[in-house]
Amino acid sequence: MTEPDDNRKYWDELAPCYQDQTSISTHDFHFGPLLPGNADLRLLPESLDGLECLEIGCGAAQNSVYLAGCGAACTAIDVSPVQLGHAAERARDAGVEIELQALAMEDLDQLQPRVFDFVHSTFALPFATDPQTVIADAANLLKPGGHLLLTTAHPAFAGEWLELGDEGCGLFLRSYFDPPGDVRFTEDGTTFVRSRARPIGEMLDWLLAAGLVLDRLVEPQPLPVPTMSPAEITSRIPYYSDVWRHCFDQIAHIPVVVIFAAHRS
């Protein structure tokens, strides 16, 4: 089981390289590698001006920077102070203000009694010690009628990719109901984190148990990167890296993320 301190050490070490090698736009809301942003998917609340927003596991907070540029009042939390340093730079570069807090997602209850119009998280949940509690705590931070937008790892993508001769490549997943974890180590090998996907039905049950109403469930396909010009990639794909570009054939066949859009009644 990954603890918050392990997540902090791992992301503090990885942040400079990750932010250098990954292009994440602040001109659109991103959902994951090579995927269309909100300009195409239309999952955000229609009006953002004046909304009080919370981002969980923000990294460099590019999504919060985008929302702040649309007039939202943004708070963003992350376990990694180094990531938050990058977030502060992004906000300064964009000329927006964001309230940044060094806080693990396991400690969301410390934000109470504050409540928000919109709570969002992109690919932080797989690193949670107890994802069900994170979802419940996030729901408790929503105002009545407030919206949750949760992007997390798709369990079908957790398998092992295999070459199948003339059939191309395929995915071997031993158990959809208990997907294998993605174990990552720090450079000195003394600390590891485990990113783990969960079955979609299980996550949906957690959302409903938290008192939320599901509005949409989206398994987005990547945009056709091989046929796009560099200018098109820059303008239409808010999350891009060469590493993920080499994985295009995989995520073109199996969704890499699943997105839950829900609200508190």
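Taken together, the values in this text are just the output of simple stated rules run on the coordinates, not laboratory data. Bear in mind the structure is a predicted one, so any value in this text is a computation, not a measurement. In this analysis, Cβ positions are derived from the backbone assuming ideal geometry, glycine residues included, and neighbour counts consider all displayed protein chains.
A few remarks follow.
- ³J(HN,Hα), Karplus 6.51/-1.76/1.60, whole Hz, each residue of segment 68-74, x for Gly, Pro: 4, x, 8, x, 7, 9, 10
- Here Met105, Met228 are placed in order of increasing Cβ neighbour count within 10 Å, fewest first, which gives Met228, Met105.
- Prolate/oblate/rounded call for segment 59-205, Cα gyration tensor, a/c under 1.5 rounded: prolate
- Extent along the principal axes, Cα only, for segment 193-265: 44, 29, 23 Å, with the longest axis given first.
- Distant-in-sequence amide contacts of Phe116, defined by a placed amide H-H separation under 5 Å and a gap of 5 or more residues or a different chain, comprise Leu142, Lys143.
- The chain: most fluctuating residue of Ala73, Ala124, Ala231 per GNM, C-alpha cutoff 10 Å: Ala231
- With the highest mean first, a sort of the peptides 7-13, 200-206 on other beta-carbon atoms found within 10 angstrom per residue produces 7-13, 200-206.
- Each residue of segment 50-59 was assigned a 3J(HN,Hα) from its phi angle through the Karplus expression (A = 6.51, B = -1.76, C = 1.60, θ = phi - 60°), giving x, 5, 8, 10, 10, 10, 9, x, 6, x Hz with x at Gly and Pro.
- Over segment 1-117, the pair-distance histogram of Cα-Cα distances with 10 Å bins from zero comes to 14, 44, 36, 7 percent, rounded to whole numbers.
- Each of Arg174, Arg194 was scored by other Cβ atoms within 10 Å of its Cβ. Arranged with the fewest first, they read Arg174, Arg194.
- Ordering His263, His154 from the fewest to the most neighbouring beta carbons within 10 Å gives His263, His154.
- Packing rank of 132-144, 36-48, where each peptide gets the mean count of other beta carbons within 10 Å, highest leading: 132-144, 36-48
- Here the sum of -39500 (n - 2.57) over DSSP H runs of 4 or more residues, divided by the residues of the chain, equals -8500 deg cm²/dmol at 222 nm, to the nearest 500.
- Phi-derived couplings, Karplus 6.51 cos²θ - 1.76 cosθ + 1.60 at θ = phi - 60°, listed residue by residue for segment 173-180: 10, 4, 8, 5, 7, 9, x, x Hz, with x used for Gly and Pro.
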